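One structure below.
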Amino acid sequence: MPIRVVVIEDHPLMLKAILEELSSHQEGIQVVGTSEHGSELPRLVRENSPDVVILDLGMSTGNFEPITAVRSILQDFPDLRILVLTGYEDETYIRRIVDAGAHGYVLKSDNLSLMLPKGVQRVHEGKRFYSEDVIDKLFDPQKGDEAVLSEQELVVVRLVAQGLTNESIARTIKVSEKRVRNLLTRVYAKFDLHESEEINVRIAAINKARELGLLASD
């Protein structure tokens, strides 16, 4: 089945470019809704059941606050994936929107023909996707990985450390099991852990979190 995508972008020419880039790739991507108004996000998600939302942050129309909107929409639709597409490169803002739950962050200065379809696919697969400049800002080793763990990711890591299964974690924090898997995938990416390596990534994530002081002392 194609990946269902909603696009929120308030500049008509940029919106047109996004749609052209997505339609020109045979990647199984189907745009099911668009709007130039951020306030339309909840309605479009309810009516079109997208897998991924491509969201511009710099809305010039209407009363729209992206960080609050991302947090709110993910509370209502926890399996939805958010791919931010913006010109904003401020590190503090990037961290805030990622902490709110955004799964990817692509800059408009990138080559969109390469980045957009790939970004949509990656976040749909439960992975993270960032522009190279964004990666440099988020994962500066001098600043510590704990700076980019969201509150919910931290809760999940701590429950994993207590020996809970994904199913038990989902019941404990009242989300779907798929949401728990997505949160763990994000943690593994932030800790630079890979399932293909000959390690138990679950244990490795616990060890990394303990190393960073994110877990209570035994």
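The values are calculated or read from the model by the stated rules, or taken from the named source; none is laboratory data. Just so it is clear, the structure is predicted and the values come from calculations on it, not from any experiment. Quick reminder, even Gly has a Cβ in these numbers, built from the backbone with ideal geometry, and neighbours come from all protein chains shown.
A few remarks follow.
- Taking the criterion of being assigned to a helix (DSSP H, G or I) and either within 10 Å of the chain's Cα centre (by Cα) or within 17 Å of K16 (Cα to Cα) (or both), the residues of the range 123-132 that qualify are V123, H124.
- L44 vs. criteria modelled with pLDDT under 95 and in the same structural domain as Q75 (by TED's automatic domain parsing): no
- Within the range 84-95, the residues that satisfy the criterion of being touching a residue at least 12 places away in the same chain (Cβ under 8 Å) and assigned to a loop (DSSP other than H, G, I, E, B) are G87, Y88, E89.
Per-residue answers, yes or no, for (1) in a helix (DSSP H, G or I); (2) assigned by TED's automatic domain parsing to the domain that holds E151; (3) in contact (Cβ under 8 Å) with a residue 24 or more places away in the chain; (4) under 16 Å from the mean Cα position of the chain (by Cα):
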site	(1), (2), (3), (4)
D10	no, no, yes, no
A69	yes, no, yes, yes
I82	no, no, yes, yes
I97	yes, no, yes, yes
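- Hits in the range 154-196 - residues which are under 16 Å from V98 (Cα atoms) and either acidic (D, E) or part of a loop (DSSP other than H, G, I, E, B) (or both): F191
- Whichever residue in the range 41-60 is among the aliphatic types (A, V, I, L, M) and part of a loop (DSSP other than H, G, I, E, B) and, among such residues, is surrounded by the fewest Cβ atoms within 10 Å (Cβ to Cβ): M59
- For the range 99-121, the candidate set comprises residues that are touching a helix residue (DSSP H, G or I) at 6+ places or on another chain (Cβ under 6 Å) and part of a loop (DSSP other than H, G, I, E, B); within that set, the residue that is nearest to R186 (Cα to Cα) is H103.
- Being under 19 Å from the mean Cα position of the chain (by Cα), at pLDDT 75 or above and surrounded by 19 or more Cβ atoms within 10 Å (Cβ to Cβ) holds for only one residue in V148, V156, and it is V156.
- All told, N166 meets the bar of being modelled with pLDDT of 90 or more and under 21 Å from the mean Cα position of the chain (by Cα).
- Within the range 136-160, residues that are within 12 Å of E91 (Cα to Cα) have Cβ atoms under 6 Å from residues that are modelled with pLDDT under 55 in no pair, counting only partners at least 6 apart in sequence or on another chain.
- Residues that are touching a residue at least 40 places away in the same chain (Cβ under 8 Å), on the phi < 0 side of the Ramachandran plot and of a type in the set (D, E, K, R) do not occur anywhere in the range 110-124.
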